[in-house]
Ligand code: C2E
Ligand code: MG
Ligand code: MG
Ligand code: MG
């Protein structure tokens, strides 16, 4: 610890250091250990075809199991991003995702499409494509079972490089979804040029449906115009579900259907019951 290693290290504990900065330091150190000790686990949130209410795949969402606690990604992804630890964490997510798809294929004879979240640092890292490719090859996963979710903001630093990278992922057979759509600085001008297949309507635009539907309506219209698949996230009640279904949204996920499930729960509820094949 800081106080073992010399008196000048006490600087860390001076009152002018904000609570927040010291929390960051502790989180950073703990995250390094978490990578080393493999303290992460994936949860799986089912995605449904809204017309048939049938499950069509899932999104992998990371959790950090620290002692007896489960820490949510909103509490550590940002620090992981800012410190670069997201790179080894992201690598773990990609391998674990491929491993799980392979396990489900071998054990239950079903191929379940899975979406993974990639943050800005990961997307900008030049090894991303190679990592995704090599893990999908290592586990013999068909690339069309993997969907990469990137956010609008991840693409904005250099849109030309972003388009190039997305195109490479697409050429390799992976599909790409634009996550949290509507919350970033979207410009319709560039949206037409992105080699993506899916837009995910952010929960923010689902939460007040059907009353406040201006944004959701616009995104659905845009989806039809640009021939993009639309996924709504954060569906929590029947009114939201019905509105989205009636207004042509193909796919949805949310607590109305399921919370993210542990692997065991996902298998028990969906795979063993034969809901997905
Ligand atoms: P996201 O990709 O937009 O994921 C959706 C988040 O909304 C998830 O939170 C999910 O549990 C939550 N959610 C789903 N349905 C509902 C609902 O009906 N109501 C409400 N209130 N929430 C709902 P989670 O798992 O805490 O993840 C938060 C964010 O952390 C994700 O947002 C994603 O940006 C990031 N994240 C999660 N896993 C990973 C990962 O493996 N790698 C990276 N880089 N980021 C991740
Ligand atoms: Mg996502
Ligand atoms: Mg999202
Ligand atoms: Mg979101």
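Side notes on the structure shown:
- Taking the average, over residues, of other Cβ atoms within 10 Å as the packing measure, peptides 241-249, 22-30 rank 241-249, 22-30 from highest down.
- The chain: projected area of the alpha-carbon convex hull, averaged over directions, in nm²: 17.1 nm²
- Cβ crowding within 10 Å, taken as a proxy for footprinting-reagent exposure, orders 185, 190, 43, 103 from fewest neighbours to most as 185, 103, 190, 43.
- Cα gyration tensor category, rounded, prolate or oblate, for the stretch 161-277 with a/c compared to 1.5: oblate
- Extended-chain gain in nm, criterion 0.36 nm per residue less alpha-carbon gap, residue 167 and residue 25: 47.4 nm
- Placing pseudo-labels 7 Å out from each Cα toward the beta carbon at residue 221 and residue 54 gives an inter-label distance of 3.2 nm.
The numbers here are math on the coordinates, done by the rules we state, and not lab data. What you see is a predicted model; the values in this text were computed from it and never measured. With ideal geometry, Cβ positions are generated from the backbone for all residues, glycine too; neighbour counts draw on all protein chains shown.
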